[in-house]
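Have a look at the structure below, then the notes.
Please treat every number below as a calculation from the coordinates, not as lab data. Remember, predicted model here, so these are calculated numbers, not experimental data. Cβ placement follows ideal geometry from the backbone for every residue including glycine, while neighbour counts extend to all protein chains displayed.
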Amino acid sequence: MAASTLTEVGPGAVTEAVGAPAVRLGQVSKSFGRPGAAQTVLDGISLDVAPGEFVCLLGASGCGKSTLLNLVAGLDRPSSGTIEVPGGRPALMFQEHALFPWLTAGRNVELALRLRGVPRAERRERAERLLDLVRLRGAHGKRVHELSGGMRQRVALARALAQASPVLLMDEPFAALDAITRDVLHEELTHLWSETRLSVLFVTHNVREAVRLAQRVVLLSSRPGRIAREWTIDLPQPRRIEDPGVSDLSVEITEHLREEIRRHGQN
Amino acid sequence: MARTEADAGTAGPPGGGPDAGSARPRGGQDRSEHPDLAGLEAGLDALETRAPVRASLGGVLLNKVLPPVVAVVLVVGAWQIAAAADVKPDYMLPGPLDVWDSLADLWYEGTLFEVIWHSVSRGALGFAASLAIGTPLGLLVARVRAVRAAIGPVLSGLQSLPSVAWVPAAIIWFGLNDSTIYAVVLLGAVPSIANGLIAGVDQVPPLFLRAGRTLGATGLRGIRYVLLPAALPGYLAGLKQGWAFSWRSLMAAELIASSPDLGIGLGQLLENARTNSDMSGVLAAIWLILIVGIGIELLVFAPLERRVLRSRGLLAGTS
């Protein structure tokens, strides 16, 4: 496929996909357990992510955020509804780095290239470019345990990018990092996204993180997960988490999030 | 210019046409344009990574070599004192020097290495056969639910059955020949190798399997690129135990099934010394069996295991 040719990343890269969404969820529901005693985790979720769009899914525990990402990633099937990802299997980043400890940082990236059929001769060079992209030049031969938490997540990001999918799914990828590192990785991610114009579906329970990163924030209610509200965020990028605009909107969204949580205490 | 992986450029539908190649870098989006961020990340990386510390030769000698040497010297010393004090008569408790003389006799007769090699080659061959049978068996039990339900409990139960219990049965089935000995070795080692692999597979974090699947490692590719490498530490532990079981079973078999046709291995050496009431010879044979067992563990399995664990940061004191 065309993915094996090297070109350059730019804002025009995905424009041919304009018109069709990068991810389309139509009335997606998911239940677990036996029929009859099943528990509904997601109920009638309809959501489009446009090519190059950055969407944050926000919600309290039990809203099915991670379940939703698993469905989009194809790791699980919805009980009903449709999921379309025209660009093929999306890349997925987890809260834990999920790097394979028996491989070096570079080999982890190369494995992703290998599994999508990149010829051996190109893999090494491409892996080094991807590591360079996340500012880990020279980390190719490093073992996973020799890297700090932030570096591991950047290698994981490089590995996800190596999949060459137009859609990147992120499941609370920075939740386990310290605040300073998280802040730096927010900046890094915004920067990478503005260069590559990937479609990003980012799950978090951190309101400020959502407002700091996203073009659109989607609030999910809990048990069952439904779309409660959406905000479009016009604040210019690059933003900072301390920006007054980010702060103000975070206060507003937090109020709605708390309202959703309170409803559960009333039953 | 930022020459980067253009993979995002292929985001369009398949056959996305000439546009895919014309993706151009955004003007002025060079990586070096963000010196602040680059410097910040470099600083964080430097602060959070520690250079691995490699132990000095003196430290290794002091911490790793000295303690076992001291322990052996103490044991031999206590033995010598007990023998000199005639706690038991000499024919029951010869001193270390008498045992040393027995070993020296074997050496001068030229049979020492022959005897050791006879047993070690049998042990190695039996272990290799156990490996060839135990590995696919373990994988099958670990991955196929019906097979696991059927023979999983039997396989782990077999581990607690001393393989010496098979010797009488094997003699009746195969007679006094090498088949008997190999049968006993296999029955001892195959379950532990298979169980090691099963434990290794069971302990693979599900996250690795999920990550592998999102990368496209499904089916056989999932087994090859994710499952087997992830299970390697458990598998190696199983191999180590499998060797110990092979060696033990072999000695049991050689000790009981002795016949001139079988040649002289360490087990027969021990049995012959017993029939001659030669206690120095008995102790010499026990020492040899112990030394060969420990030696192979130290020379083959320990370095292998250490290498695997160290590369994954699982060895205490290296991460």
Extension gain from B:Ser56 to B:Glu297, taking 0.36 nm per residue of separation minus the Cα-Cα distance: 84.4 nm
Span-like helix ranges in chain B, DSSP H, alpha carbon extent 24 angstrom or more, Kyte mean at least 1.6: B:66-84, B:279-296
Debye, to nearest 20: dipole size of the stretch A:108-161, +1 on Lys, Arg Cβ, -1 on Asp, Glu Cβ: 80 debye
Percentage of interatomic Cα-Cα distances in the stretch A:159-225 larger than 20 Å: 29 percent
Whether the stretch A:99-164 is rounded, prolate or oblate, judged on the alpha carbon gyration tensor where a/c under 1.5 counts as rounded: prolate
FRET efficiency for B:Ile286 and B:Glu48, using Cβ-Cβ distance with R0 set to 60 Å, rounded to 0.05: 0.70
Antiparallel bridge percentage (DSSP; both residues within chain A; nearest 5): 50 percent
If the convex hull is drawn through the Cα atoms of the protein assembly as shown, its volume per residue in Å³: 223 Å³
Contact order relative to length of chain B, as percent, for alpha carbon pairs under 8 angstrom and 6 or more apart: 18 percent
Cα centroid separation - the stretch B:107-176 against the stretch A:89-125, whole Å: 39 Å
Cα-projected label distance for B:Trp100 with B:Arg143, points at 7 Å along beta-carbon direction, nm: 5.5 nm
CD proxy at 222 nm, helix term only [per DSSP H run n ≥ 4: -39500 (n - 2.57); per residue of the protein assembly as shown; nearest 500]: -17000 deg cm²/dmol
Share antiparallel - DSSP beta bridges, the protein assembly as shown, percent rounded to 5: 50 percent
Rounded FRET efficiency, nearest 0.05, which uses the C-beta distance separating B:Leu161 from A:Ser61 and R0 of 41 Å: 0.25
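For the stretch A:20-88, state the average projected area of the convex hull of the C-alpha atoms over all orientations, rounded to one decimal in nm².
About 4.8 nm², averaged over all directions.
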Cα lying deepest toward the dipole's positive end in the protein assembly as shown, options B:Ala129, A:Leu47, B:Val167, charges on Cβ: A:Leu47
All lysines inside 30 Å of B:Lys240 as judged from Cα atoms, apart from same-chain residues fewer than 8 positions distant: A:Lys142, B:Lys64
Gaussian network model of chain B, Cα within-10 Å springs - most flexible of B:Leu139, B:Leu47, B:Leu220: B:Leu47
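Would you list B:Thr135, B:Thr111 from fewest to most Cβ contacts within 10 Å?
Working: B:Thr135 19, B:Thr111 14.
By the 10 Å Cβ count, ascending, the order reads B:Thr111, B:Thr135.
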Charge dipole (chain A, unit charges on Cβ, about Cα centre) - positive-most of A:Ser66, A:Leu220, A:Val207: A:Ser66
A:Glu230-B:Ala38 FRET efficiency (beta carbon distance; Förster radius 51 Å; 0.05 resolution): 0.90
Tensor-based shape of chain A (alpha-carbon gyration tensor, a/c under 1.5 rounded, otherwise prolate or oblate): prolate
q = 0.07, 0.11, 0.12, 0.15 Å⁻¹: log10 I(q)/I(0) that the Debye formula gives for chain B, counting C-alpha atoms only: -0.49, -0.92, -1.02, -1.28
Choice from B:Gly293, B:Gly58, B:Gly126 with maximal GNM fluctuation in chain B (Cα, 10 Å cutoff): B:Gly58
Gaussian network model of chain A, springs between alpha carbon atoms under 10 Å - residue of A:Ile180, A:Ile227, A:Ile241 with greatest fluctuation: A:Ile180
Pairwise label distance in nanometres, A:Ala176 with B:Glu114, each label 7 Å out on the Cα-Cβ vector: 6.1 nm
Cβ-placed point charges (K, R +1; D, E -1), dipole of the stretch B:95-311 about Cα centre in debye, nearest 20: 1840 debye
Average partner coverage of A:184-195, which counts Cβ from other chains inside 10 Å: 3
Projected label distance in nm at B:Leu207 and A:Arg240, using a 7 Å step from Cα toward the beta-carbon: 3.2 nm
Candidate lysines for bridging to A:Lys30, where Cα separation is under 30 Å - those fewer than 8 sequence places away on the same chain excluded: A:Lys65
